[in-house]
Amino acid sequence: MIPIQSTIEGYQNSFEKANQFFQEENFTLGGGYTYEHGYFDHPLDWEEEHGYRYYLRIPVIALDGELDQPHTKVKLGQPFVIKHEFLTGNDPTARSGIFTALINQFSQPISTEGSPIHEKWLDRARSLIQTLEQKMMLDDTWQGR
């Protein structure tokens with residue numbers, strides 16, 4: 001994980017407006033969010049075909065209410081780049097069997113701790129952050145600047 005300095009840290013809006021803003025910029029709310037916090041994710045290497053992905057992640061924290069409610073006020077955290085690895089072929093740790101296959105359909109995660117992140121992806125993340133900063137400055141629904 002590599003933090004990216006940005007002026008968007010601390011910005012606030014309703015969840016509905018924030019979610020709409022980030023969707024228009026091709027971010028998705030990561031599937032592992034809770035009612036208190038989550039991450040807007042943007043893949044940085046969409047054109048590559050390999051067993052991992054680099055993401056620009058922007059933390060989002062619910063200030064009053066639950067994250068998935070339209071009028072909940074949310075606050076953005078410090079953006080960062082993360083590398084997520086996954087298997088693209090057969091899982092060598094998989095156990096065969098009909099019953100097991102019905103219950104356990106996913107491979108074990110691959111650790112990315114200590115994996116270097118190429119400067120190419122950091123540059124792409126910084127460029128995306130600059131775009132977000134410029135658009136947020138023009139959008140008066142964002143507070144906390």
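At a Cα cut-off below 16 Å, give the lysines reachable from K73, other chains included and same-chain residues fewer than 8 away excluded.
K17
Taking the Cβ of Q78 as the center, what net charge do the other residues with Cβ under 12 Å away carry, scoring Lys and Arg +1 and Asp and Glu -1?
Working: positive: R57, K75; negative: E9.
Around Q78, the charge tally is +1.
Taking 7 Å along the Cα-to-C-beta vector as the label spot, tell me the H84-I117 distance in nanometres, rounded to one decimal.
Using points 7 Å along Cα→Cβ, the separation is 1.3 nm.
At T28 and R126, where each label point lies 7 Å from the Cα along Cα→Cβ, what is the point-to-point distance in nanometres?
Placing both labels 7 Å along Cα→Cβ, they lie 2.8 nm apart.
We did not get these values from a lab; they are worked out from the coordinates using the rules stated. All values reported here derive from a predicted model rather than from experimental measurement. Virtual Cβ from ideal backbone geometry, glycine too; neighbours counted across all protein chains shown.
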